[in-house]
Amino acid sequence: MFLEKLNIKNFRGIKELNLNFNSSVNIIIGENNAGKSAIIDALRICLSIGKQWKDIGIKNDEDFHINVNEINSPLEPIEFGLVFKIETPQDREYFQSLLWQNPDDPTDVNLQIQARYSLETNPKGNLVLRWDIWGGQNPGQRIKPEEAQLLFYSYLEPLRNAELELRPYAKGNKVTSLFKEMTKYEKINEAGENEEVELNIDKKNQLANTLQDVIQDRDWTGVVKTGESFVNEHLEKADIRKKESRVHLKLLEYKYDNIVKGVLTRKPVYEEELLNGDFTQQKYFDISQNGLGENNLILASSVLGDLKNRRAEQIEHYYALLIEEPEAHLHPQKQNSFFNYLSSLKDLGVQIFVTSHSPTITAKSDLDNLLVLQKQDDLISNFALKKSELSSNNKNYLRKFLDVTKSQLFFSNGTIMVEGISEALLLPVFAEIMGEEFNLDKNGIELININGVAFEPFAKLYNSEDASKRLSAFCSIITDNDKGLIAPKHFLNEEQNIDKSKAKLIFEKLKELNIIDTNNRIINFDNNVDLVIQGYEVESDYIKEVLNIMFDKISDRAFKVNELTGANLKVVLAENTFEYELMVVGSDNSKIMLGVYKRMHPKTIFIDSEESLHNKAIDLLEKLKSNKDKSEFAQNLSLILESKEIFRDRFIIPDYIQNSIRWVINRE
């Protein structure tokens, strides 16, 4: 069995949330205060119903959801609903008091735990917490204690004190728990072979008596008795006559469970090969000498060892591991290693729930294991990538390219996607020029450089019409419309007797005539003016027809990207290219940009200053392409706009860029 669904109502920051889980690993990610810890705590509360002593519960009115948009709104009851999927006949046999059967479909059966907490006013006017927990779906269906005790979970809290929890005799020591529940062990017998030994109660008593016999010599008993007499001498003098206390001292209570409480967790200094079999030379580092990350790994491994043993011994029936922030104190490479191991535990029979806000862990996760929490307008929602509209190809692409930087979109308050480094460098500056209220960092907006035009896999995270299949944050895509781009293939025509070779010649001729620029874009074309091309007089009318069609036609790629618009996603297209649009929006922009390029290349000669902004932009684009320095130019432009207020005040941000930024921040 595994926990398939969890419903939470009116718990802390969560008004209502319906979650679907995988049977093995579940990675719950999201920004701070998005409800990750609330989900883990809801699981802890419900899965601990079989424990006599609980370390968590509902804390009166503190845990009830408050409607922040309505003053003095009533505190609605907290409700938890857990649905377990039945996988084996034993699941039904062991949890009969949790059984639920669909009255309309007898084959639809599962296991359920329902809990309800409410606040009532008693006769004295005080709020009193009331609660009810039941199995199945009918209130009053009592959960049998022996069945509740078959549910088990281990919890690793955030900012955990791993060193304290690994200390001998520490309460809740996971290493101690591992030894207490072991039922067999291996040793090397007299024949030098591995032998498995049953660790039953008799064997535990035998092991304890062996230690007891070792220290029952006269020296040790003498030491202990002398110490005892020192204490009792003063007790006799300090207490009331005939009522004085006495103590009895001994080294340890030599019972198996007490002995394993004192197990030391240490790290060996030398490799075994270096000792050449003389293990008396081994030295150890105390856990206090380890770093926080090292101790956290040791603690987590101890918990996993305990769970594996409990599962093998069938001490309980359902096992869960709840880990908050496994990245705590681990550098990115150790995060990768530890998390890859967690993700591989599919056959351990333990359902794992991990909360994180680490982009490193997110980038390494199987997308189908990700559950994204987002908080928008004080409402928390969740998005499971497993249930998204991403195709298999989309997921494969995202798995390959969702590096640490791009995975940050899952934690953002909004996302802007761009084609390349130039846009990525300049957009934060442009947003600040628009006004402080549009500062991308302050608004939690993630700017993602796709390094190309493969927007579709990312876009499908936002554009589903089904709100449950998309992220709740808003996203915009900024890309070129590639209008006017043309290639030799567009002139191919059998009736005009234009084959590949002739089409290429026509294409080159149009470049010579400056009708097509070095970026293969149609320029200086007017359909109202006759066009006669020397050497191709017969084909001129046809060539003009092709140019007219392609001049105002956006590329198939741009058309496809534009079609992705929908729901929380908006696509904005540049009429030409990013740099072109910046140049032609105003003469001040043109002067600033040309000045920046002149400082980069002092010997550069631009076209006449009386030329149109269009021609100046084309001239700059050709130089950027020739020198292959678009990113360097963008960096220099961003620096001068950041450092020189006089330029920043004169620089105009094109409307399409402003629209993109306003969409993700103001949703307008």
When the charge dipole of region 587-668 is computed with +1 on Lys and Arg Cβ and -1 on Asp and Glu Cβ about the Cα centre, the Cα farthest towards its positive end, among Leu637, Ile607, Asn666, belongs to Leu637
At 10 °C in a medium of viscosity 1.306 mPa s, the chain has a Stokes-Einstein diffusion coefficient, with Rh taken as the Kirkwood radius over alpha carbon pairs, in µm² per second, of 51 µm²/s
Note on region 488-553: alpha-carbon gyration tensor, axes a ≥ b ≥ c; rule is a/c under 1.5 for rounded, else prolate if a/b larger than b/c, else oblate; result rounded
Given 200-206, 131-137, the highest-first ranking by average Cβ count within 10 Å works out to 131-137, 200-206
Binned at 10 Å starting from 0, the alpha-carbon pair-distance distribution of region 106-151 in whole percents comes out as 22, 38, 25, 12, 3
Long-range amide H partners of Gly414, meaning residues 5 or more apart or on another chain whose placed amide H is closer than 5 Å, are Glu446
Burial-style ranking of 216-227, 633-644, average other-beta-carbon count within 10 Å with highest first, yields 633-644, 216-227
Projected onto the charge dipole of region 408-480 (unit charges on the beta-carbon of Lys, Arg, Asp and Glu, signs +1, +1, -1, -1), the Cα from Asn439, Ile450, Thr479 with the largest positive-side position is that of Ile450
Partner aspartates and glutamates whose C-alpha sits under 12 Å from that of Lys400, ignoring same-chain residues fewer than 8 away, are Asp366
For Lys334, the lysines lying under 16 Å Cα to Cα, once residues fewer than eight places off in the same chain are dropped, come out as Lys364
At q = 0.21, 0.24, 0.27 Å⁻¹, the log10 of I(q)/I(0) for region 191-239 from a Debye sum over equal Cα scatterers comes to -0.82, -0.89, -0.95
Counting only DSSP beta bridges fully inside the chain, the antiparallel percentage to nearest 5 is 60 percent
Mean shadow area (nm²) of the C-alpha convex hull around region 64-158 is 10.3 nm²
With +1 on the Cβ of every Lys and Arg and -1 on the Cβ of every Asp and Glu, the dipole magnitude of the chain about its Cα centre, in debye rounded to the nearest 20, is 1700 debye
Using alpha carbon positions and the Kirkwood radius, the Rg to Rh ratio of region 525-604 is 1.14
Over the Cα atoms of region 2-134 the radius of gyration and the largest Cα-Cα distance (Dmax), both in Å, equal 16.7, 51
Among Lys54/Lys308; Lys85/Lys460; Lys187/Lys308; Lys225/Lys261; Lys509/Lys616, the pairs whose Cα-Cα distance exceeds 26 Å are Lys85/Lys460
Checked against the positive end of the charge dipole of region 488-553 (+1 on Cβ of Lys and Arg, -1 on Cβ of Asp and Glu, about the Cα centre), the farthest of Asn527, Pro488, Ile498 is Pro488
Projected onto their principal axes, the Cα atoms of region 371-492 stretch, largest extent first, over whole-Å spans of 56, 40, 26
Toy charge model, Lys and Arg Cβ at +1, Asp and Glu Cβ at -1: region 377-495 dipole around Cα centroid in debye, rounded to 20, equals 680 debye
Here the percent of antiparallel bridges among DSSP beta bridges lying wholly in region 269-406, to the nearest 5, is 55 percent
Taking every alpha carbon pair in region 164-293 and sorting the distances into 10 angstrom bins from 0 up to the bin holding the longest one, the percent per bin comes out as 10, 22, 32, 24, 8, 3, 0
Quick calc, region 488-553, dipole around Cα centre from Cβ unit charges on Lys, Arg (+) and Asp, Glu (-), nearest 20 debye, gives 360 debye
Quick note on Ile533, Ile661, Ile45, ordering by fewest other C-beta atoms within 10 Å, gives Ile533, Ile45, Ile661
Most packed first (mean Cβ within 10 Å per residue), the peptides 618-628, 348-358, 426-436 order as 348-358, 426-436, 618-628
Relative to the compact-globule estimate 2.2 N^0.38 Å (N residues), the Cα gyration radius of region 302-358 stands at a ratio of 1.20
Once Glu437 and Phe606 are pulled to full extension, the length gained, defined as 0.36 nm per residue separation minus their Cα-Cα distance, is 57.1 nm
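Since every read-out is calculated from the coordinates, none of them should be taken as a lab result. On a predicted model such as this, the values are computed, not experimentally measured, just so you know. Cβ coordinates were reconstructed from backbone atoms using ideal geometry, including for glycine residues, and neighbour counts include every protein chain displayed.
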